[in-house]
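See structure below.
Values quoted throughout were computed directly from the atomic coordinates according to the rules given, and no laboratory measurement underlies them. Note that the structure is predicted; figures quoted are calculated from it, not measured. Glycine also receives a Cβ, built like all others from the backbone with ideal geometry; neighbour counts cover every protein chain displayed.
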Amino acid sequence: MLICPMCGKDYPPETSERCPDDGYLLYALGTDDGKKPLGPGDEVAGKYALLAEMPRRGGAGRTFKARQIHLEREVELRVLPQNSITSPQDHARFSREVATWGRLRNDHLVRLYDSGFTADNAPYMALEFVDGGSLGAKLAAEGPLSLPLVRTVAEHALRALEAAHGAAVLHRDISPDALLMGRRADGTPYVRLTGFGLAKHMGDEDDDPTAITMTGQVIGNPAYMAPEQIMVGTLEPRTDLYALGVTLYELTAGRKPHPGT
């Protein structure tokens, strides 16, 4: 099975190399035995038992709710396409991306616990599990959020970006799908930022505009891109703030601010 990293549609293996709808390069979904797609009941790398497949939140690959076997804790396991890493440069880029995410620490950032490769060389990342799902899914199911909840989202997302930017890390892919909402024991909501697969350390001179999660395309979702990001120019923290502004507008109004995106 092939998947489009932009629209998320599945296509049979005989489909051409690009999505018929939007022209993005298609990826093969990873498997752990080279014969069948991963699914609930399978194990990954001898460390994770897959419990259920989760809705896609943008980008290539598949996401599962899983149990980290030796620690008996639930995690979100993201398995990227097995053909997303085909060269030493790809391996170096993947290592750089997970190292960037792994160094971040904040109550409003989803933690990266582990990373590695399946038996057939599909890269995976084990992430902190947030039970409430993404705000993108909530928006699609329930419509615009209440203003008090949008204020909470804004506050928590800004704290997350403050921590990331303080560590000299740009997210570059802010959207409702990158914001997860859970609830504390007392029922109050909290929001955590995820999706650092396209992140860049601001001190990294060796930036490659073809991140493994969207090879050959402009980085990020065009609907949330700042003008300088679309033109592949110099990116700064305000690039993330622009995307967050678009996201908050969409969560409030139920639509994006720019027609046709």
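Tabulated data
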read-out: Entries of Lys65/Lys256; Lys138/Lys200; Lys36/Lys65 with Cα pairs more than 25 Å apart; value: Lys65/Lys256; Lys138/Lys200
read-out: Added length on full extension, which subtracts the Cα-Cα distance from 0.36 nm per residue, Asp107 to Ile69; value: 11.2 nm
read-out: Spin-label pair Tyr190/Met202, simplified geometry with 7 Å Cα→Cβ offset, distance in nm; value: 2.6
read-out: Rough spin-label spacing in nm, given labels placed 7 Å along Cα→Cβ, for Ala45 and Asp10; value: 2.5
read-out: Difference of contour (0.36 nm per residue) and Cα-Cα distance, Asp131 to Arg183; value: 17.9 nm
read-out: Net charge over other residues, Cβ less than 9 angstrom from the Cβ of Val169 (K, R count +1; D, E count -1); value: +2
read-out: R0 of 22 Å, Cβ-Cβ distance Lys256-Glu236: FRET efficiency to nearest 0.05; value: 0.45
read-out: Listed peptides 154-166, 42-54, 72-84 by packing density, highest first (mean Cβ within 10 Å); value: 72-84, 154-166, 42-54
read-out: The range 94-158: trypsin sites (Lys or Arg not before Pro) in DSSP loop, at most 10 other beta carbons within 10 Å; value: Arg105
